[in-house]
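So the structure is just underneath, and the comments pick up after that.
The values are calculated or read from the model by the stated rules, or taken from the named source; none is laboratory data. Computed from a predicted structure; not experimentally measured. All Cβ positions, even for glycine, are placed from backbone atoms using ideal geometry, and neighbour counts span all protein chains on display.
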Amino acid sequence: MNANEKLRADRLVFYEKDIQKIDKILTEFLRLSGAKCVLLVDKEGHLVTRKGELRDINMDTISALVAGSFAATKEMARLLGEEEFSALFHQGTKDNIQLTLVGDRTLLTILFDDRTTVGMVRLYATETARKLVETFAQAEKEQGGMDLGMDDQYQDRAKNKLDAIFGPPRKG
Amino acid sequence: MVQINFALKEVNCKIVYYGPGMSGKTTNLEIVHQKAPEENKGDLTSISTDGDRTLFFDFMPLDLGNIAGMRTKFQLYTVPGQVYYNSTRKLVLQGVDGVIFVADSDPEKMEENLESYANLEENLKEYGKDLADLPHVIQWNKRDLPNALPVEELEKKINKYGVPTFEAVAVTGEGVFPTLKVLASMVLETINKIDKNAAKPRAQAPSRPQAAAPQPAAPQPRQQQVQPKAAAPARGRAAAQGGKKKAPARAAAARQAGGRTAQAGRRPAAQAAGGGRGRARAPQQAQRGPARVQEAAAAGKSSSGLFVALLLFLVLAAAGAGYVLFFMNNK
């Protein structure tokens, strides 16, 4: 793997048209499954996109906890001789969460209540995961060799922002 | 791994505070949470034992705001430092973009420092990462100890890659921000790194974010007016204890047992966006689960012990997630 390939492997990039395709798939999933909302979270705990009814929820925290939860079960699976558990289900009194692995980098996090059933959610989650994997594969193919597209001023402006938040560099 | 989302116009990076047990990792994060400007910080979530020892991780999002059209966010994590929790440390390290290694300046902790640093390197290797290439810095914490090892000795024994180092007394805030700032800068430098000669022309241009002037945050003095954690602490750890006792109850996830996540958080959450200490409050269901994990640790490491620990972590994380989703959504 050359240096650029390594750099690309160390990043997860989503372009607007990719997210539009993903959003369309998620919207269709919500319509078919009857779930309340769906988040797509990468395995490092960053939110990729979301659809559905969600108010006043701290997305950063929920993404981190979902990723941590999934990572813990992956290790459990390994101890049991499985490669990983591809799905998790948490049952609540009113609401439930279904986590489904999508490819090897993202987690489909589905919140649903008694308007639907876990069977319906799982049925469509599997199909949705398959479509998302195809979308990611297509996106990755198109991204190969592309310039990242970040502003050239990003680095300098980032340094200024860090100085503003954390204070200027110490002299001497 | 850095996530760049041109649709949401966001850049997300993951920074982990690593180090031996009780070296000051959580204290660092608490200080960042206390002292960061309101508009930049999110809530601090801790999954910890009844005794306030990190069980799975502490987490805090730090939003740098709009930089050249991209909202740039850091997810700051700490890991449990105790040797027993190596499996969970590995989990938290997944996708890390930068590490702050918090070393304890106590001479008696040198062996633990070395063991932890080697452990970091080993765990990163499992993800195909090389510590030599990963942005990381070392913080020599607890410089207020009367018998603190000289920095030269610490450098010689621990800093084998010659990375930037910082002296700190985390419990008072000294050195916390400089450490984080430099590491953040190192991580951001890697984002746009690409060999322009090797890049092919774009097949389809992404929607380029509009370059925007950075929104200046209120400048922060380097030394905040720190509330002393304890009266003239002789040892950094004693001061940290004093500070933690004043903290609100720990995350809902730390107190939950069993598979039902809906029981989390009878109290309303303290998670106002970007507000105050922002610790998720625990429902008053004190569980003995975490204490049992520690007893299992005394019996030695075994697969069954690890399995139990991971099961507990799963429950705690799920409870925390459930708490946030259910009760915030139904507020």
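Observations
- A single entry from B:Ala168, B:Ala184 fulfils the requirement of being in contact with a Lys or Arg (Cβ under 8 Å, 6 or more places away or on another chain) and crowded, with 21+ Cβ neighbours inside 10 Å: B:Ala168.
- Count of the range B:24-59 residues, restricted to those that are among the hydrophobic types (A, V, I, L, M, F, W, C), assigned to a strand (DSSP E or B) and more than 9 Å from every other protein chain (Cβ to nearest Cβ), is 1.
- On the stretch given as the range B:163-189, residues that are assigned to a helix (DSSP H, G or I) and over 27 Å from B:Gln3 (Cα atoms) total 3.
- Criterion applied to B:Tyr127, B:Tyr85 was being hydroxyl-bearing (Ser, Thr, Tyr) and within 19 Å of B:Cys13 (Cα to Cα), and the one residue passing it is B:Tyr127.
- Test set (1) modelled with pLDDT of 95 or more; (2) buried (at least 22 other Cβ atoms within 10 Å of the Cβ); (3) under 30 Å from A:Asp42 (Cβ atoms) - B:Tyr161 fails condition number: (2)
- Scanning the range B:119-162 for residues that are closer than 19 Å to B:Gly95 by Cα, basic (Lys, Arg) and either within 17 Å of the chain's Cα centre (by Cα) or outside any loop (DSSP other than H, G, I, E, B) (or both) yields one hit, B:Lys125.
- Count of residues meeting criterion [touching a His at 6+ places or on another chain (Cβ under 7 Å) and closer than 25 Å to B:Leu314 by Cα] in the range B:29-74: 2
- First in the range B:106-132 and at positive phi and among the acidic types (Asp, Glu), second anywhere and surrounded by 20 or more Cβ atoms within 10 Å (Cβ to Cβ) and assigned to a helix (DSSP H, G or I), Cβ under 8 Å, 6 or more apart: none
- Where strands (runs of 3 or more DSSP E) fall wholly inside the range A:9-103, the ranges with 3 or more residues that are at the interface with another protein chain (Cβ under 10 Å from one of its Cβ atoms), without any contact (Cβ under 8 Å) to a residue 60 or more places away in the chain and buried (at least 21 other Cβ atoms within 10 Å of the Cβ) are A:96-102.
- Any hit, the range A:116-130, residues being crowded, with 22+ Cβ neighbours inside 10 Å and at the interface with chain B (Cβ under 8 Å from one of its Cβ atoms): no
- Of the residues screened, B:Val92 is not one that is of a type in the set (A, V, I, L, M), assigned to a helix (DSSP H, G or I) and more than 9 Å from chain A (Cβ to nearest Cβ).
- Screening A:Thr135 with (1) within 11 Å of chain B (Cβ to nearest Cβ); (2) part of a helix (DSSP H, G or I); (3) in contact with a helix residue (DSSP H, G or I) (Cβ under 9 Å, 6 or more places away or on another chain) gives one miss only, at (1).
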